[in-house]
Amino acid sequence: MTYCLGIITRYGIVLAADSRTNAGVDYISSYQKLFDYSVSGQRIVLLCSAGNLSITQSVLYSIDQDLKTEDIENLHTFPTLHEVARYIGNKIRDVQTRDRPWLEKDGIDFNCSFLLGGQILGNEPGLYLIYTQGNFIQATPETPFLQIGETKYGKPILDRTLTFETSLDAVSKCVLLSIDSTMKSNISVGPPINVIMYESNSFLVNNQLKLRVGDPYLAKIRRLWEISVRDAFERMPDVEWQHYLNPDADEDVFTD
């Protein structure tokens, strides 16, 4: 399993992914899950992958082969990100059609998903989640983040802190805390962590990093976050048990 997330705001996009892949508790390896297919000055195309590694690698291989053959449609020929998302969805379907029956035969999980983020000249930035069936959805100002992989542990902080008006620096911190929260609760997610921050209408990827095991910044934010969470917990008021035991209390206290 892995964890990837993308966040879009008024100011740009941040995508991040861990690199852990495991096929059991005794076989853990790392594979890159965040890829940059951008053409500076023309289009920003960022892609995250999660799910069955053989399926995602086959999709990425097919995408790479199309880029080498300039006379056919590829990531650099479509005029909108929506069409890029449909193209990637079709690639997923092609690989699934070929490999899925054999994976199902042996009870192997064949599911995969991708996050696509970026901007093409003449269009607004966009962020898409492409499902294993090849269909997709787009992030909106009301729902500015999308996740794939092991999503549940890193979602609460996103729900509580993010809006479409959040600055990119704040988004980047939130992304790393979301990933760290997931790593804390699930050993199937782990470093190296890859992060790319793209500023709207710049058509350049100027900010990217790779945080490895033991990185001082990862250790620092984990320590400070745990201290902050414990402090917030200690400041929460105690449960007012007597209020709920009082027969004169509001009878509807437990209703929704």
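The values are calculated or read from the model by the stated rules, or taken from the named source; none is laboratory data. Not measured: the values here are computed from a predicted model. Cβ sites come from the backbone with ideal geometry, for glycine too, and all protein chains shown count toward neighbours.
Restricting the search to strands (runs of 3 or more DSSP E) fully inside the stretch 23-94 and requiring at least 3 residues that are surrounded by 13 or more Cβ atoms within 10 Å (Cβ to Cβ) and either modelled with pLDDT of 95 or more or not aromatic (Phe, Trp, Tyr) (or both) gives 34-36, 43-51. Among the residues of the stretch 200-223, those identified as part of a strand (DSSP E or B) and free of Cβ contacts under 8 Å to residues at least 60 places away in the same chain are 207, 209, 210, 211.
Among the listed residues 126, 118, 51, which satisfies the condition of being on the phi > 0 side of the Ramachandran plot, in contact with a Leu (Cβ under 9 Å, 6 or more places away or on another chain) and touching a residue at least 60 places away in the same chain (Cβ under 8 Å)?
118
Screening 169, 180 for residues that are at pLDDT 90 or above, part of a helix (DSSP H, G or I), of a type in the set (D, E, K, R) and surrounded by 13 or more Cβ atoms within 10 Å (Cβ to Cβ) leaves exactly one candidate, 180. Among the residues making up the stretch 171-189, those that are over 16 Å from residue 15 (Cα atoms) and not hydrophobic (A, V, I, L, M, F, W, C) are 181, 184, 185, 186, 188. Of the residues 45, 59, the single one that is under 28 Å from residue 179 (Cβ atoms) and out of contact with any Lys or Arg (no Cβ under 8 Å at 6 or more places or on another chain) is 45. Take the residues in the stretch 155-169 that are touching a residue at least 24 places away in the same chain (Cβ under 8 Å) and more than 20 Å from residue 208 (Cβ to Cβ); name whichever of them is farthest from the chain's Cα centre (by Cα). Restricting to residues being touching a residue at least 24 places away in the same chain (Cβ under 8 Å) and more than 20 Å from residue 208 (Cβ to Cβ), the top hit is 165.
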